[in-house]
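The structure appears below as structure tokens.
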Amino acid sequence: MPEVHAGSYKEAILFLVTAGIVVPLFHRLRISPVLGFIGAGALLGPFGLGRLADTHHWVALFTIANRTEISHLAEFGVIFLMFMIGVELSWERLRTLRRLVFGFGSIQVLASALVLGTILYGLRVPLAASIIVGLALALSSTAVVLPVLAEQKRLNTPAGRVSFAVLLFQDLAVAPILFAIAVLGRSDGANAGAALALALGQAAVALVLIVVAGRLALRPLFQLVARTKSPELFMAACLLVIVATALTAAASGLSMTLGAFVAGLLLAETEYRRAIEATIDPFKGLLLGVFFVSVGMNLDPAQLVATPGTILGLALALLVIKATMVLLAAPVMKITRPVALEAALLLGPGGEFAFVLIGGAVATGLVPEPVGGAALIVTTVTMVAIPGLAVLGRRAGRRISNAHLGRARAEPPPDKQQNRVIIAGYGRVGRLVGEMLARHKIPYLALDSDAARVAEQRRLGNPVYFGDSANAELLRRCDIATARALVVTLDNPRAVEAVVEAARAERRDLTIVARARDARHATALYELGVDDAVPETIEASLQLSEAVLVDVGVPMGLVIASIHERRDEYRTMLKSKEAEARPAFHARRTVGKGLESRDPAVKDEAAPVSKRA
């Protein structure tokens, strides 16, 4: 048996310990864990405690020295992020926000990059470096801004939608910028144009092949995997698609992140989109944590201590320049000043992709290392300020009156995906519920774990997605925070209870109607918090009674009235049984109640927030 060296696993252990401390602590403080990971990287890296490792050998146990190993994992963090961005995109969302995404977003990025690049060029920074650093600093932080807006319940406000639209355009712009940096880094100045044209041709061919192969293979692959009903195999298929497309893109001369982004776009239009999001999200979060730790490791706090005035002045200048561009562009898109001011404070700081773009440009020699290092420190300082700027932005947003909201022509039409009904299970019962909802023009979304059934219903044009309805992350991806109601039609009693528990943990105010096996099962569901439980045996007996009474000549009006009366009697009886069992039930859920109270979406039921989907 080979000898095991604990030092070989030191970096991994330190990161897991860091994640175990940072994530719960910063969630409790309502601060983005991104800032905690950056701070931990700076503390544990070579410019933090690493400075003491040579003189105090015991300190080396608590430092991350192997930056190469960390950088490889960090690269996968960005790959998973770009994949999730691709999966979360939808044509409906782009159509709804197209003016803000492609209009306001492009103006913000190009104007900010032009001003910043011009200033850098005036400071005698090379032209290519000025352009790259200007573009990198023009981008904002999706990883920090969106969680902060969600925490404040402001994603659905006009300023939240404007900020989201600009961030979406920035996410789309990252892939071509990365590609251009990779091409320019491989060519000399004289042949840069020819190299770029040749690389664009190769890239176009590679992208066409990836798209065609993906459209032909991905859906059959996930149909085959879904039929096994194995969560492990489904997870393995997701990871395989991400890694395979990323490596294929890299072998074709493209960036791995661009390949992952294309894979996400291909899967975004399939019925497996929601399940893939729920499966990949934990990996993305953990690997992004590694990425931000690696970002912190490259930061030298001594520079901030040595020249605090210069760095803070540059950070303030970045905020002012980007915020000014947002405020100047707002009247062009007919965005009201209070909305523009809140969005400007959120979009003014730098973002995580600045580390990717500038880091890649420094590695290829396109950006001098001192310029890149200074830009990264300024980016970090401004990102740390985002929570505070969000509070200021929220105060500015309060100035918006109801009249302003009514006249805000920049705000897109109401999202058709909000206030819909979620149907858990799309068998015969679920299909009938969906048909009745559609007849009354109530939007709905259905979830089912039968891959063949989902594929069949998708061909018929029904909004059915593959996935486990009891998966809390999947429910969040289906916008349970803004759902009108949840209907559980599964025929497995335990599965029904699992879905009800997961949904009720997400939202205590959600209307839940569930299918029950019998009266005893209905009582158990009422204990779990459903609004209505419909027992199969009782409902079948009521329908039989209705049919026989009508057939023997009792007037229809009397029959319907008596059936409704009897149904109400059963419901009252079942709820009274649930009330008798409630003390023991609440005793069993004491721990769970404590966990629910920490969920901000539960505390503020009047203002649910829909996640980026």
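The values are calculated or read from the model by the stated rules, or taken from the named source; none is laboratory data. The shown structure was predicted, so the numbers you read here are calculated from the model rather than taken from an experiment. Please note: Cβ atoms are built from the backbone with ideal geometry, for glycine as well, and neighbour counts cover all protein chains shown.
Structure notes:
- The conditions of being over 36 Å from the mean Cα position of the chain (by Cα), surrounded by fewer than 21 Cβ atoms within 10 Å (Cβ to Cβ) and not assigned by TED's automatic domain parsing to the domain that holds Glu271 are not met by Glu501.
- Condition met for Glu506 (closer than 19 Å to Arg274 by Cα, surrounded by fewer than 24 Cβ atoms within 10 Å (Cβ to Cβ) and of a type outside the set (A, V, I, L, M, F, W, C)): yes
- Checked against the criteria, Val487 does not count as crowded, with 22+ Cβ neighbours inside 10 Å and in a helix (DSSP H, G or I).
- One residue alone among Ala514, Ala601, Ala540, Ala524 is modelled with pLDDT under 75, surrounded by 16 or more Cβ atoms within 10 Å (Cβ to Cβ) and either over 41 Å from the mean Cα position of the chain (by Cα) or under 23 Å from Ala470 (Cα atoms) (or both), and that residue is Ala601.
- Filter result for the condition that a residue is of a type outside the set (Ser, Thr, Tyr) and either within 21 Å of Arg484 (Cβ to Cβ) or part of a loop (DSSP other than H, G, I, E, B) (or both), over Val548, Val530: Val530
- Among the residues of region 391-423, those that are of a type in the set (A, V, I, L, M, F, W, C), over 24 Å from Arg99 (Cβ atoms) and either part of a helix (DSSP H, G or I) or modelled with pLDDT under 80 (or both) comprise Val391, Leu392.
- Wholly enclosed helices (runs of 4 or more DSSP H) of region 57-122 bearing at least 3 residues modelled with pLDDT under 75 and closer than 21 Å to Gly372 by Cα: 67-88
- Search result, residues across region 528-537 that are over 32 Å from the mean Cα position of the chain (by Cα) and crowded, with 21+ Cβ neighbours inside 10 Å: Ala533, Pro535
- The residues in region 258-280 that are among the polar types (S, T, N, Q) and within 17 Å of the chain's Cα centre (by Cα) can be counted, and the count is 1.
- Selection status of Leu558, hydrophobic (A, V, I, L, M, F, W, C), surrounded by fewer than 13 Cβ atoms within 10 Å (Cβ to Cβ), at pLDDT below 90 and in a helix (DSSP H, G or I): yes
- Check on Gly529, of a type outside the set (Phe, Trp, Tyr) and farther than 22 Å from Ile423 by Cα: no
- Among the residues of region 181-196, those that are part of a helix (DSSP H, G or I) and modelled with pLDDT under 75 comprise Ala182, Val183, Leu184, Gly185, Arg186, Ala192, Gly193, Ala194, Ala195, Leu196.
- Residue in region 205-218 that is under 30 Å from Asn419 (Cβ atoms), modelled with pLDDT of 80 or more and surrounded by 17 or more Cβ atoms within 10 Å (Cβ to Cβ) present: no
- The residues of region 432-455 that are surrounded by 13 or more Cβ atoms within 10 Å (Cβ to Cβ) and part of a helix (DSSP H, G or I), listed by number, are Val433, Gly434, Leu437, Ala438, Ala451, Arg453, Val454, Ala455.
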